[in-house]
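Heads up: the structure comes next, in structure tokens.
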Amino acid sequence: MNFQAVKAIYLFEMARTWRTIWQSIVSPVVSTSLYFVVFGSAIGSRIETVEGVSYGAFIVPGLIMLTLLTQSISNASFGIYFPKFTGTIFEILSAPVSFFEVVIGYVGAAATKALMIGLIILLTATLFVDIRIAHPLWMVGFLVLTAISFSLLGFIIGIWADSFEKLQLVPLLVVTPLVFLGGAFYSISMLPEAWQSVALANPVVYLISGFRWSFFEVSDVPVGISLAMVGLFLALCLGVIWWIFKTGYQLKK
């Protein structure tokens, strides 16, 4: 493996974060803090507990997951789309670097940024509510796997997109609604029985449920199923990226 190439891509992408720190880090943290003020204070004052957990603390895993998913996709999609837009992707394709090394560099940087923001939001949440993490290793594991999986999805979107508008299409119109409908701010058990079955068709439910279990040991679905869903999604994204580089889909447009 060409570690020097992976390092070069990774450091270049991480350097872009520090050049746009207000947009990359400060803005998501401020936005999440507003969620705590609105949902934690306004709504939380009317809802005492959810499954034995205070409402303010209950929504923390959902808020972290919302930011983690959207930031992973946005960072990875822009990271690979910009070389396509400027034409520098031809330099990458002609360099003695395998597609695996290219993916590690871009996806690794995007996942690192998303994890940084997720951890900062977790620290910010402690200023608003008391949080206990029952299984810290599981929590970190879910964070890392989810960040990598959705960074891979963002990488796919960046290759597929042929305009800046398309880069925002999936995060805004697909991922964000799925998170809001996936139990980020409520438990699936609070829904009518018929709607619970519908909600379980939402893949984000399994991500949020497993992540919340690592905090409070409460979940809407068994944690093993949540972990399996993350692994399945990760494998699917890897398969799609392998096909893209094998066929050259959208890489030279």
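Some notes on this structure:
- Considering the stretch 140-196, the residues that are of a type in the set (Gly, Ala, Ser) and more than 23 Å from Leu63 (Cα to Cα) include one that is nearest to the chain's Cα centre (by Cα), namely Gly158.
- Across the stretch 197-206, the number of residues qualifying as more than 14 Å from the chain's Cα centre (by Cα) and surrounded by fewer than 14 Cβ atoms within 10 Å (Cβ to Cβ) comes to 3.
- Residue match in the stretch 119-137 (condition: of a type in the set (Lys, Arg), part of a helix (DSSP H, G or I) and under 27 Å from Leu227 (Cα atoms)): no
- Number of positions in the stretch 228-247 that are in contact (Cβ under 8 Å) with a residue 60 or more places away in the chain and of a type in the set (A, V, I, L, M, F, W, C): 10
- Options Ser214, Ser209, Ser189, Ser149: the member that is part of a helix (DSSP H, G or I), modelled with pLDDT of 90 or more and more than 18 Å from Thr70 (Cα to Cα): Ser214
- Residue in the stretch 82-89 that is in a helix (DSSP H, G or I), modelled with pLDDT of 85 or more and surrounded by fewer than 16 Cβ atoms within 10 Å (Cβ to Cβ) present: no
- Scanning the stretch 18-76 for residues that are buried (at least 19 other Cβ atoms within 10 Å of the Cβ), at pLDDT 75 or above and either among the basic types (Lys, Arg) or not in a helix (DSSP H, G or I) (or both) yields Val50, Val53, Ile59.
- Inclusion of Val230 among residues that are β-branched (Val, Ile, Thr), buried (at least 16 other Cβ atoms within 10 Å of the Cβ) and either touching a Cys at 6+ places or on another chain (Cβ under 8 Å) or in a helix (DSSP H, G or I) (or both) is warranted.
- Scanning the stretch 154-165 for residues that are surrounded by fewer than 20 Cβ atoms within 10 Å (Cβ to Cβ) and either within 15 Å of Gly231 (Cβ to Cβ) or of a type in the set (Gly, Ala, Ser) (or both) returns a single hit, Ser163.
- Selection count where residues are of a type outside the set (Asp, Glu) and out of contact with any Ser or Thr (no Cβ under 9 Å at 6 or more places or on another chain), scope the stretch 199-234: 14
- Filtered residue count, the stretch 109-121, keeping only those that are over 12 Å from Thr17 (Cβ atoms), crowded, with 19+ Cβ neighbours inside 10 Å and touching a residue at least 60 places away in the same chain (Cβ under 8 Å): 1
- Considering the conditions (1) out of contact with any Cys (no Cβ under 9 Å at 6 or more places or on another chain); (2) over 26 Å from Thr49 (Cβ atoms); (3) among the aliphatic types (A, V, I, L, M), Leu181 is excluded by exactly one of them, (2).
- From the options Ser151, Ser189, Ser209, residue that is touching a residue at least 60 places away in the same chain (Cβ under 8 Å), of a type in the set (S, T, N, Q) and buried (at least 23 other Cβ atoms within 10 Å of the Cβ): Ser151
- Filtered residue count, the stretch 123-146, keeping only those that are at pLDDT 90 or above and of a type outside the set (Phe, Trp, Tyr): 12
The values are calculated or read from the model by the stated rules, or taken from the named source; none is laboratory data. What you see is a predicted model; the values in this text were computed from it and never measured. Virtual Cβ from ideal backbone geometry, glycine too; neighbours counted across all protein chains shown.
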